[in-house]
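Okay, structure first, notes after.
The values are calculated or read from the model by the stated rules, or taken from the named source; none is laboratory data. Predicted model only: the values in this text are computed from it and were never measured. Counting neighbours? That spans all protein chains shown, and the Cβs are built from the backbone with ideal geometry, glycine included. Just so you know, the surface numbers come from the protein's heavy atoms only, side chains and all, with ligands and any DNA or RNA stripped out. Shrake-Rupley method; radii C 1.70, N 1.55, O 1.52, S 1.80 Å.
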Amino acid sequence: MPHAAPKVTVPELQRLKTATTKITALTAYDYPFARLVDESGIDVILVGDSLGTAVQGADTTLPVTLDEMVYHTRLVSRARPRALVVADMPFLTYQAGICAAITNAGRLLKEGGAEAVKLEGGVNVQRVIRAITNVDIPVMAHIGLTPQSVHRMGGFKVQGKKSGRRPGARERLLEDAQAVEDAGAFAIVLEGVPLDLAREVTQRASIPTIGIGAGPHCDGQILVLHDLLGLGGKFSPKFVKQYADLRGVITQAVRAYIEDVQGGAFPRDAHSFH
Ligand code: KIV
């Protein structure tokens, strides 16, 4: 009888980097999608604060609350995934003070069932990452295009470009990567950075890098599940690869249902009780 694949853990991700085996990661926000993603063999499920844009219909991730993240993390962890479950810390749940940051990260584990948290920032959140990891809550860092900084960046823009308007952007990104590793992060999400810079970060870092819009040289890759399935909004970023058209599948199914009900083809005897 084949052995069930073992649970993915934080040390296992480090082993995958050392073995140069690519780490696969996707978002999920509820039980049925967490089950499907997990059954397909993904390594990491991120309950991302992309919840705001992918599921809640917001323009940014800024309105997402900690209570909402706890709730959605609980739905995902009820699937008892083999994948490592990482929950995002929403905007202003880790920036306003170390004590609050630890307590808020703890809620995602205690109440949500997450196994690690993710938060955005580099040098500016080094103390926060150190404090959270010091109480044995594993932290995944997120640098580069950090969506919670949308207003500072003036939009969702690639960061660390040589030709960018802010000189020293590449150096700052390298400093951010070093800062989060030094603070004890177990992995780094690299979002929206040029591929050669992502390669340099990946080569320098001893912890795994997980890219999104960061090219092919990271230790792993993450996407928002709704983008991959064709359930995203009208605008699809360049870095998204769509693997299915669920929008088409769903609207076709719903139209067929409407037609059947209106035309009397459903329900029939076979769907009725006698
Ligand atoms: O919130 C999210 O889904 C994320 C990923 C896109 C990395 O942060």
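Restricting to segment 178-200, what's the tally of residues that are within 15 Å of L119 (Cβ to Cβ) and either within 15 Å of the ligand (Cβ to nearest atom) or under 18 Å from the mean Cα position of the chain (by Cα) (or both)? Break it down into steps so the answer makes sense when it comes.
Narrowing segment 178-200 to residues within 15 Å of L119 (Cβ to Cβ): 179-181, 183-191.
Adding the requirement that they be either within 15 Å of the ligand (Cβ to nearest atom) or under 18 Å from the mean Cα position of the chain (by Cα) (or both) leaves 180, 185-191.
Counting residues in segment 178-200 that are within 15 Å of L119 (Cβ to Cβ) and either within 15 Å of the ligand (Cβ to nearest atom) or under 18 Å from the mean Cα position of the chain (by Cα) (or both) gives 8.
Here's the yes/no breakdown for (1) surrounded by 13 or more Cβ atoms within 10 Å (Cβ to Cβ); (2) over 26 Å from G160 (Cα atoms); (3) of a type outside the set (K, R):
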| residue | (1), (2), (3) |
| --- | --- |
| A185 | yes, no, yes |
| R204 | no, no, no |
| I212 | yes, no, yes |
| L231 | yes, yes, yes |
| Y243 | no, yes, yes |
| G263 | no, yes, yes |
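Here is a list: T65, T53, T60. Which entry is without any contact (Cβ under 8 Å) to a residue 40 or more places away in the chain, out of contact with any strand residue (DSSP E or B) (no Cβ under 9 Å at 6 or more places or on another chain) and open to solvent by 20 Å² or more (accessible area, probe 1.4 Å)?
Matching residue, one of T65, T53, T60: T65.
Within segment 18-50, work out how many residues are among the aliphatic types (A, V, I, L, M), surrounded by 17 or more Cβ atoms within 10 Å (Cβ to Cβ) and assigned to a helix (DSSP H, G or I). Break it down stepwise before answering.
Applying the first criterion (among the aliphatic types (A, V, I, L, M)) to segment 18-50 yields 19, 23, 25-26, 28, 34, 36-37, 42, 44-47.
Narrowing further to those that are surrounded by 17 or more Cβ atoms within 10 Å (Cβ to Cβ): 23, 25-26, 28, 34, 37, 42, 44-47.
Next, from what is left, pick out any that are assigned to a helix (DSSP H, G or I): 34, 37.
Count: 2.
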